[in-house]
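Some notes on the structure that comes next.
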Amino acid sequence: MNKPIIVFDSGFGGISVLKRLIEKMPNEDYLYYGDSANAPYGPRTTAEVQQLTLNAIAEASKGVEPKAIVIACNTATAATRELLQQTYPHIPVIGILPAVERAAKAKDHPRVLALATAGTVSSAAFQNILARVGDSAEVVALPAPSIVVYVEGAMKDRQTVKKALAESFAPYMDKPFDSVVLGCTHFPFAADVIAEVLGYPVDFFDGSALTVRQTEEALTESNARSTQERTGSLKIINSGNRQDLVGFAWTLFCAELKV
Ligand code: DGL
């Protein structure tokens with residue numbers, strides 16, 4: 001492996017970002033680190049998320065010299081991006097945040113359902129996004145921890161997540177949403193469940209396109225883009241240290257994203 005790009009998430013969610021990074025930059029080498037042993041991060045305190053993220057990146061970097069770190073987790077980005085950049089000052093650290101601004105601009109005063117984790121919704125980074133959107137959109141921001149549990153549980157228990165989402169959407173079902181922001185990287189894997197619970201078509205937005213663009217720009221600026229012509233390598237590590245977890249990560253990686 002040449003210098004890889006480390007792509008990190010609390011578990012399987014960041015694979016939705018990894019897929020797009022590889023689509024755009026297939027000749028880079030990637031090391032995906034999922035911290036399923038400590039997921040979910042969403043309900044944890046900022047200090048806990050910071051410590052877990054620092055530990056995970058230290059673990060992922062053992063024996064490799066990464067050229068960039070992509071925090072493919074909204075919760076960890078909101079809590080830790082600056083701290084990580086200070087810890088790894090010589091390489092770019094790129095994050096992901098909910099694409100509420102993009103959803104707000106897509107229509108004239110849209111009604112937007114912004115789904116994220118509790119940690120993201122209460123973060124300063126998310127509150128700043130809401131302030132920038134102002135009254136250009138009606139934004140309903142809801143934590144959706146059941147989706148993280150569903151994806152981390154290998155997407156077996158669809159009934160439980162549907163029931164939990166139906167209960168949390170119920171107070172807002174009086175009028176339709178124009179769009180749903182998938183503000184947690186686990187959520188693109190459950191877009192079909194969200195659409196089914198809403199019961200009508202909506203546009204989906206997630207932050208991965210911007211993350212991919214920023215990663216490509218940062219690598220180009222630091223003259224670190226791979227020049228190899230062959231397809232790069234991919235290694236998947238999961239802190240759960242179980243073969244079935246790595247196997248499920250590969251299943252998700254091979255599955256087609258519906259958004
Ligand atoms: N995938 C993560 C995010 O984007 C967090 C999920 C969790 O561990 O709660 O926010």
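The values are calculated or read from the model by the stated rules, or taken from the named source; none is laboratory data. All figures in this text were calculated on a predicted structure; none of them were measured in a lab. Here the Cβ positions follow ideal geometry from the backbone for every residue, glycine too, while neighbour counts run over all protein chains shown. Keep in mind that these areas ignore ligands, DNA and RNA; they rest on the heavy atoms of the full protein, side chains included. Shrake-Rupley method; radii C 1.70, N 1.55, O 1.52, S 1.80 Å.
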Go through (1) out of contact with any strand residue (DSSP E or B) (no Cβ under 8 Å at 6 or more places or on another chain); (2) within 22 Å of K3 (Cα to Cα); (3) in contact (Cβ under 8 Å) with a residue 60 or more places away in the chain for G95 and report which single condition fails.
(1)
Among the listed residues K162, K175, which satisfies the condition of being of a type in the set (K, R) and surrounded by 13 or more Cβ atoms within 10 Å (Cβ to Cβ)?
K162
Which of (1) surrounded by 20 or more Cβ atoms within 10 Å (Cβ to Cβ); (2) of a type in the set (A, V, I, L, M); (3) within 13 Å of the ligand (Cβ to nearest atom); (4) more than 12 Å from the chain's Cα centre (by Cα) does I57 not meet, given it meets every other one?
(3)
Go through the stretch 215-226 residue by residue and tally those that are in contact (Cβ under 8 Å) with a residue 60 or more places away in the chain, open to solvent by 30 Å² or more (accessible area, probe 1.4 Å) and not in a helix (DSSP H, G or I).
2
Tell me whether the stretch 161-177 contains one or more residues that are within 22 Å of the chain's Cα centre (by Cα) and within 15 Å of the ligand (Cβ to nearest atom).
yes
Is there any pair with a first residue in the stretch 62-89 that is over 23 Å from F205 (Cα atoms) and a second that is part of a loop (DSSP other than H, G, I, E, B) and open to solvent by 40 Å² or more (accessible area, probe 1.4 Å) whose Cβ atoms are under 6 Å apart and which are 6 or more apart or on different chains, and what are they?
E65/K3; K67/K3
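Checking the condition in contact with a strand residue (DSSP E or B) (Cβ under 6 Å, 6 or more places away or on another chain) and either of a type in the set (A, V, I, L, M) or in contact (Cβ under 8 Å) with a residue 60 or more places away in the chain (or both), which residue from V193, V212, V181 passes?
Values: V193 fails: in contact with a strand residue (DSSP E or B) (Cβ under 6 Å, 6 or more places away or on another chain); V212 fails: in contact with a strand residue (DSSP E or B) (Cβ under 6 Å, 6 or more places away or on another chain).
Of V193, V212, V181, the one residue that is in contact with a strand residue (DSSP E or B) (Cβ under 6 Å, 6 or more places away or on another chain) and either of a type in the set (A, V, I, L, M) or in contact (Cβ under 8 Å) with a residue 60 or more places away in the chain (or both) is V181.
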Is it the case that the stretch 194-205 has a residue that's closer than 18 Å to I6 by Cβ, open to solvent by less than 30 Å² (accessible area, probe 1.4 Å), modelled with pLDDT of 95 or more and touching a Phe, Trp or Tyr at 6+ places or on another chain (Cβ under 9 Å)?
no
Failed condition for G134, given (1) under 29 Å from A249 (Cβ atoms); (2) part of a helix (DSSP H, G or I); (3) away from the ligand (no atom under 12 Å from the Cβ); (4) open to solvent by 40 Å² or more (accessible area, probe 1.4 Å)
(1)
Sole exception among (1) in contact with a Phe, Trp or Tyr (Cβ under 8 Å, 6 or more places away or on another chain); (2) assigned to a helix (DSSP H, G or I); (3) within 9 Å of the ligand (Cβ to nearest atom) for A103, by number
(3)
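Each row is one residue, and each column tells you yes or no for (1) touching a His at 6+ places or on another chain (Cβ under 9 Å); (2) open to solvent by less than 10 Å² (accessible area, probe 1.4 Å); (3) closer than 26 Å to Y150 by Cβ.
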{"site": "G11", "(1), (2), (3)": "yes, yes, yes"}
{"site": "G14", "(1), (2), (3)": "yes, yes, yes"}
{"site": "Y41", "(1), (2), (3)": "no, yes, yes"}
{"site": "E48", "(1), (2), (3)": "no, no, yes"}
{"site": "E65", "(1), (2), (3)": "no, no, no"}
{"site": "I69", "(1), (2), (3)": "no, yes, no"}
{"site": "Q86", "(1), (2), (3)": "no, no, no"}
Condition met for F187 (open to solvent by less than 10 Å² (accessible area, probe 1.4 Å), closer than 29 Å to V93 by Cβ, touching a residue at least 60 places away in the same chain (Cβ under 8 Å) and within 16 Å of the ligand (Cβ to nearest atom)):
yes
Qualifying positions in the stretch 233-259 - in contact with a helix residue (DSSP H, G or I) (Cβ under 8 Å, 6 or more places away or on another chain) and surrounded by 14 or more Cβ atoms within 10 Å (Cβ to Cβ)
L234, I236, I237, N238, S239, G240, L245, A249, L252, F253, L257, V259
Could you run through the stretch 140-187 and say how many residues are assigned to a strand (DSSP E or B) and over 17 Å from A103 (Cα atoms)?
1
